[in-house]
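Any read-out appearing in this document is the output of simple, stated calculations on the displayed coordinates, not a laboratory observation. Only a predicted model underlies this, so the values are computations on that prediction, with no experimental measurement involved. All Cβ positions, glycine included, derive from the backbone under ideal geometry; neighbour counts span all protein chains shown.
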Amino acid sequence: ASAETAVRLARNGEVEALMKGSLHTDELMSEVVSKETGLRTARRLSHVFMADVPTYPHPLLITDAAINIEPSLADKVHIIQNAIELAIMMGVPEPKVAILSAVETVNEKIRSTLDAAALCKMADRGQIKGGLLDGPLAFDNAVSLVAAKTKGIRSAVAGQADILVVPDLESGNMVAKQLEYLADALMAGVVLGARVPIVLTSRADTAETRTASCAIAQLMAHKRRQGVRL
């Protein structure tokens, strides 16, 4: 009932954001994606983790690690565009987008490398706008200039990515949780692509993580008042 009420308030324009409390994610999101009474738009919904990692020089966005389980190529276009627009809202003029896989070369046996190659070409053709894409890139090549240089990778993205696009939910969730619990990263999480931003944190998250997530949602709401849509 609380999820139904919250979505109705957002749909009627009475609130500018939603936040998950003690509900399970499925309970809230089932109301959000309802075709009749939900908050869907033409854009596919996706989740972004924002990580402040002590050993990395700037914020790192990880997507999608909570909504799309095994995204198709078409899904990844929306996932990337959502993340790029969020990064621009956060003050990154041309976000560097690393499309992750296990290797940095295209391999017909690894679907994520084929998707990465296609997505980069789609960006070249203007089907994805606002960011600088490269992939496939292994995780080390995406965040370490030393690793990229050692492997002879020439790229404006490698070693300094702003956005990490993961192959699927499982790999993304593991990356995000490892950064949080083993690298002392401060995490925030928000769902994009709906009529309003949705703060989607874990029931185990700290008050600091919840506060950081709310700050991102408030920034998005402020930008929307100025006519910027995401």
Note the angle between two axes, namely the Cα long axis of helix 73-89 and the longest principal axis of the Cα atoms of the chain, as a number of degrees from 0 to 90, rounded to the nearest 10.
80
Determine the calculated [θ] at 222 nm for the chain from helices alone, applying -39500 (n - 2.57) to every DSSP H run no shorter than 4 residues and normalising by the residue count; nearest 500 deg cm²/dmol.
-12500 deg cm²/dmol
Taking alpha-carbon centroids only, the range 176-230 lies from the range 1-58 a number of Å equal to 10
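Treat every Asp and Glu Cβ in the range 43-225 as -1 and every Lys and Arg Cβ as +1, leave all other atoms uncharged, and give the resulting dipole magnitude about the Cα centre to the nearest 20 debye. The partial results should precede the final answer.
Details: 19 positive and 19 negative charges, 119 e Å.
For this selection, approximately 580 debye.
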In the chain, lysine pairs 8 or more places apart or on different chains with C-alpha atoms under 16 Å apart total 6
Farthest positive-ward along the chain dipole, Cα basis, beta-carbon charges - from 82, 66, 204:
82
Cα axis of helix 169-182 to longest principal axis of the chain: angle in degrees, 0 to 90, nearest 10?
90
So how tilted is helix 2-11 from the main axis of the chain? Cα-based, degrees 0 to 90, rounded to 10.
80
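Can you check what the net charge comes to around residue 127, using other residues whose Cβ is under 12 Å from the Cβ of residue 127 (Lys, Arg +1; Asp, Glu -1)?
Working: positive: 76, 121, 125, 129; negative: 124.
Charge balance in the 12 Å sphere: +3.
I need the fraction of alpha carbon pairs in the range 1-112 separated by more than 19 Å, rounded to a whole percent. Could the numbers behind the result be given before it?
Details: 3598 of 6216 pairs.
Of all Cα-Cα pairs in the range 1-112, 58 percent lie more than 19 Å apart.
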Please give the charge dipole size of the range 103-208, origin at the Cα centre, charges +1 on K and R Cβ atoms and -1 on D and E Cβ atoms. Round to the nearest 20 debye.
380
Across every pair of different alpha-carbon atoms, what Kirkwood hydrodynamic radius in Å does the chain reach?
17.8
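Highest mean first, how do 84-90, 23-29 rank when packing is the count of other Cβ atoms within 10 Å averaged over residues?
Values: 84-90: 20.9, 23-29: 15.4.
Descending packing order for the listed peptides: 84-90, 23-29.
Count the net charge of all other residues whose Cβ sits under 15 Å from the Cβ of residue 146, scoring Lys and Arg as +1 and Asp and Glu as -1.
Values: positive: 149, 151, 154; negative: 104, 140.
Counting the neighbours of residue 146, the net charge comes to +1.
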